[in-house]
Amino acid sequence: MSAKKLSLDWLAKNMQAESTINMGEQKVHTRWVPAASDAYAVLTVVVLALVMGIVVPFYTDVMDYKLARLLALPAILVFGFLLIFNRLLLLTLIILFRSTGDVILESTRFSLGGYETGVGGLINLCVIMLACMLVFEKPARLPKKMTLSWVPFMLVALFGVVISPEKGDAIRTYLTLLSYFAMFVIAFYFVHSGKDFRHSVKLVLWSSVIPALYALVDVAMNGAAGGAEGFRLQSTFTHPNIFAFYLTLMIPLILYVLKDKVAPLKSGSRIVLTLYMVYLLALLVLTQTRSAWLALMIVFVAYALLFERRYLLYLMLLPVAALMIPEIRDRLMDLGSGTAAVGYAKLNSFAWRLSIWESGLQWMRPSHYVFGYGLEAFRHYSQTFFPAANHMNWGAHNVYVQWFFDVGLLGLCAYLFLYARVAMMLKSLVKIDKLAAFVTLSLVFIYLVVSSSDNIFGYLVFNWYFWFTVGIGCALAASAIPQVKKSRGRARDVPDTAAEPYLRSTPMPRQS
């Protein structure tokens, strides 16, 4: 009888029918109903099918029947599914493939109510939502001090939106800055130990494989075309400068993996990775981005001085060898010509930058020195104060000038405070892993250097990888500080490369 009762219970939960069950000599008439979860699942599928049947005809018409745009809808469904069931997998996929996305995502853009959007905007929204969900699930994983470092910066930017003369562009810029903060926050949920840090570094490095391979396609298709500045390699990115700054992140990370004594590579892997770094350096030369060359050169010199002095000899010979490369020689010689402000096409790029900076700062009124003119105000007013604007809205090509113009001294101080706090956090890595501290601080240095000559805020992909990499460095420091404090006496006798004894590995958060 007990077996029959078990069968009855199982059937009652999983079948929809009406039947009779014999229990000994007695017949029991039972009407079975479906389980609530099964009914909801069936109802959800039916509703989705009906909605899709209604929406798809209108959607295809709005998307003008273009394949790239039509892919936006299934992309939304995939992102939504992963957002619910496996958030860390979604984040991993974004980190691996976002460096390749600009080539595809630009073709998915469409106008909705006068606002340009696409799958790229969906990914941005997903990143912000993912960061919020991770913080709500495990708020203790994110140090409050690092969160508070962002608060002045984000509040000033929000005030800049309120007073902005270009509300639509200002809101878009603010959401972009918010996505940078989200990538920084997400890093704390990837790294809880030195092992996690090294895995995350390699994850970021793997993102460079497709852009590095596609660079060969770019050279083959456009190398002979040239232009006013000659051929400039941009690979999967929308501008050569973005690709160059992205490479300035990848190359120091390769240096870290090659020189890491805690997890040394095998000889074969070391050779392959060394050749890959040389290849990326060649790609960096082809971007013709001088600020990236300068920043990376300074990093290599600093590494030689602090870690391996013998590399100084190679670095002394490097400028001589570099001048033998036509692309480098021509770009450096270009600095000595075209210093008259007669239009962007004929003007030396450095002189052009000096001209727009001078024009913008002289146009500012003292009453706006504290709070600025609002987010995206520099672009909005550039046609007014810049004689060579030529009916175009120009960015400042200098974060410090633009941020001062847009949000004033208050905003500039908040911006510098954020990087000072990040640098202080990364500096604490010296007690745990000197090489990791050097590399992550070098990335901050590179960012601050190139910020003086380009519109870095607008380079979303570069900023995502930058803030994720800096975030995993801060996460490593935060995870190890309690252990270092408890064993401060013992730490003095342990080699700097032995990072693992101080670190506590904790499991990654489970996804419901």
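Take the residues in segment 422-481 that are among the basic types (K, R) and at pLDDT 90 or above, then tell me which one is surrounded by the most Cβ atoms within 10 Å (Cβ to Cβ).
Checking each candidate, the answer is K434.
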Revision key, fill the gap. Those residues of segment 199-211 which are closer than 17 Å to T238 by Cβ and open to solvent by less than 10 Å² (accessible area, probe 1.4 Å) amount to S207, S208, P211
Practice item. From the list P252, P264, pick out the single residue that is part of a loop (DSSP other than H, G, I, E, B) and under 17 Å from V439 (Cα atoms). Key: P264
Revision key, fill the gap. Note on T384: of the conditions (1) more than 23 Å from the chain's Cα centre (by Cα); (2) open to solvent by less than 30 Å² (accessible area, probe 1.4 Å), unmet is (2)
Revision key, fill the gap. In segment 131-170, residues that are under 17 Å from V470 (Cα atoms), touching a residue at least 60 places away in the same chain (Cβ under 8 Å) and open to solvent by 80 Å² or more (accessible area, probe 1.4 Å) total 1
Check your understanding: If A414 passes every condition in (1) out of contact with any helix residue (DSSP H, G or I) (no Cβ under 6 Å at 6 or more places or on another chain); (2) part of a helix (DSSP H, G or I); (3) buried (at least 17 other Cβ atoms within 10 Å of the Cβ) but one, which one does it miss?
Key -> (1)
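Looking at A295, A302, A244, A263, can you tell me which residue is among the small types (G, A, S), closer than 19 Å to H199 by Cα and in contact (Cβ under 8 Å) with a residue 40 or more places away in the chain?
After ruling out the rest, the residue left standing is A263.
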Review point. How many residues, within segment 342-367, are open to solvent by less than 60 Å² (accessible area, probe 1.4 Å) and either part of a loop (DSSP other than H, G, I, E, B) or at pLDDT 85 or above (or both)?
Key: 10
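Each row is one residue, and each column tells you yes or no for (1) more than 26 Å from A478 (Cα to Cα); (2) in a helix (DSSP H, G or I); (3) of a type in the set (D, E).
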site	(1), (2), (3)
M129	no, yes, no
L134	no, yes, no
S149	no, yes, no
V161	yes, yes, no
S179	no, yes, no
H192	no, no, no
S200	no, yes, no
Review point. Cβ-Cβ below 6 Å, separation at least six or inter-chain, first residue in segment 93-106 and open to solvent by 20 Å² or more (accessible area, probe 1.4 Å), second among the small types (G, A, S) and modelled with pLDDT of 75 or more: which pairs?
Key: L96/S207
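The values are calculated or read from the model by the stated rules, or taken from the named source; none is laboratory data. What you see is a predicted model, and the numbers here were worked out from it, not measured in a lab. Neighbour counts are summed over all protein chains in view; Cβ atoms, including those assigned to glycine, are modelled from backbone coordinates with ideal geometry. Each accessible area value is taken on the protein alone, full model and side chains, heavy atoms only, with ligands, DNA and RNA left out. Shrake-Rupley method; radii C 1.70, N 1.55, O 1.52, S 1.80 Å.
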